Amino acid sequence: MSQFFTIKTDGKGLYKEKGSKFLAFAISVFSEEDVRYHLERLRKEFHDARHHCYAYNIGMRDQSYRANDDGEPSHSAGDPILGQIRSFALTNVLVVVVRYFGGTKLGVGGLINAYKTATEEALTKASKKEIFEEVGLLFHFPYELLSSVERLIAELEISVIDRDFQEDCRIMARMKSQLMEQLKTKTSDLYNLQLSITQ
């Protein structure tokens, strides 16, 4: 699979039950460093809350994910949050649910429902966008192929990162990995073109 979805704008959710408040924040992240930054920020902002439970899913092919109950009963908070992220089929997203305890215990079933519902609202309110798995490319070719390569770049919506034109031409670029077979077919008759995958 080379097609994924993530959130374009952050979303917030709120769920109340027996005096407890569950504030959910859906945030776009690209690394575990981003996760740590946003967790620390929310812990400072809501320093008087009892729990800051969270889950995240990062990456495409080799996904990094985690669920954390932050002191709630095992699997009653982090797993329901992660479950919602997965049910929305999202990646590169962190959801933190901040809980203010209302004095009445909800039980494990009540907690699962609360964390799930707050997360669902936050993810519903966040706008989504489609993203694609990409591959890095290096085109290496003589000047007489420049117009052919430029035409390919426009046709396959390849993003150029860098151009180096000296004795010959080098173009570093990125493209949707699902278009790789099309690129190979279209370059098969360009005999002096060297095409390599950089990552």
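Within segment 137-168, the residues that satisfy the criterion of being within 15 Å of Y191 (Cβ to Cβ) and touching a helix residue (DSSP H, G or I) at 6+ places or on another chain (Cβ under 8 Å) are F139, F141, L152, D168. Within segment 24-52, the set of residues being touching a Lys or Arg at 6+ places or on another chain (Cβ under 7 Å) and either within 21 Å of G83 (Cβ to Cβ) or acidic (D, E) (or both) comprises A24, F25, H51, H52.
Tell me yes or no: at least one residue of segment 69-77 is assigned to a helix (DSSP H, G or I) and in the same structural domain as E121 (by TED's automatic domain parsing). There is no residue in segment 69-77 that is assigned to a helix (DSSP H, G or I) and in the same structural domain as E121 (by TED's automatic domain parsing).
Please count how many residues of segment 43-77 are among the small types (G, A, S) and without any contact (Cβ under 8 Å) to a residue 12 or more places away in the chain. Count: 1. When you look at Y56, is it buried (at least 20 other Cβ atoms within 10 Å of the Cβ), at negative phi and in the same structural domain as F22 (by TED's automatic domain parsing), yes or no? Criteria met by Y56.
Yes/no per residue for (1) in the same structural domain as G83 (by TED's automatic domain parsing); (2) more than 26 Å from the chain's Cα centre (by Cα):
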position: A126; (1), (2): yes, no
position: Y143; (1), (2): no, yes
position: I158; (1), (2): no, no
position: C169; (1), (2): no, yes
position: L179; (1), (2): no, no
position: S188; (1), (2): no, yes
position: N192; (1), (2): no, yes
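Tell me which of these E121 doesn't satisfy, since it passes every other one: (1) farther than 30 Å from F25 by Cβ; (2) in the same structural domain as S28 (by TED's automatic domain parsing). Checking E121 against (1) farther than 30 Å from F25 by Cβ; (2) in the same structural domain as S28 (by TED's automatic domain parsing), the one that fails is (1).
It is to be established whether one or more residues within segment 119-133 are of a type outside the set (D, E), out of contact with any Asp or Glu (no Cβ under 7 Å at 6 or more places or on another chain), under 30 Å from D48 (Cβ atoms) and surrounded by fewer than 15 Cβ atoms within 10 Å (Cβ to Cβ). Checked segment 119-133: at least one residue is of a type outside the set (D, E), out of contact with any Asp or Glu (no Cβ under 7 Å at 6 or more places or on another chain), under 30 Å from D48 (Cβ atoms) and surrounded by fewer than 15 Cβ atoms within 10 Å (Cβ to Cβ). Among the residues of segment 90-120, write down those that are hydroxyl-bearing (S, T, Y) and part of a loop (DSSP other than H, G, I, E, B). Scanning segment 90-120 gives T91, T104. For beta carbons closer than 7 Å, sequence separation of 6+ or different chains, a first residue in segment 107-129 that is closer than 12 Å to V93 by Cβ and a second that is aromatic (F, W, Y) and buried (at least 17 other Cβ atoms within 10 Å of the Cβ), the qualifying pairs are A122/F25; L123/F88.
Mind checking whether some residue in segment 117-134 is modelled with pLDDT under 95 and hydrophobic (A, V, I, L, M, F, W, C)? Checked against the condition, which is being modelled with pLDDT under 95 and hydrophobic (A, V, I, L, M, F, W, C), segment 117-134 yields at least one hit. Does D164 count as exposed (fewer than 14 other Cβ atoms within 10 Å of the Cβ) and either in contact with a strand residue (DSSP E or B) (Cβ under 6 Å, 6 or more places away or on another chain) or aliphatic (A, V, I, L, M) (or both)? Taking the combined requirement at face value, the residue satisfies it.
The values are calculated or read from the model by the stated rules, or taken from the named source; none is laboratory data. Fair warning: this is a prediction, and the values are worked out from it, not measured in the lab. A quick note on method: Cβ atoms are made from the backbone with ideal geometry, for glycine too, and the neighbour counts reach across all protein chains shown.
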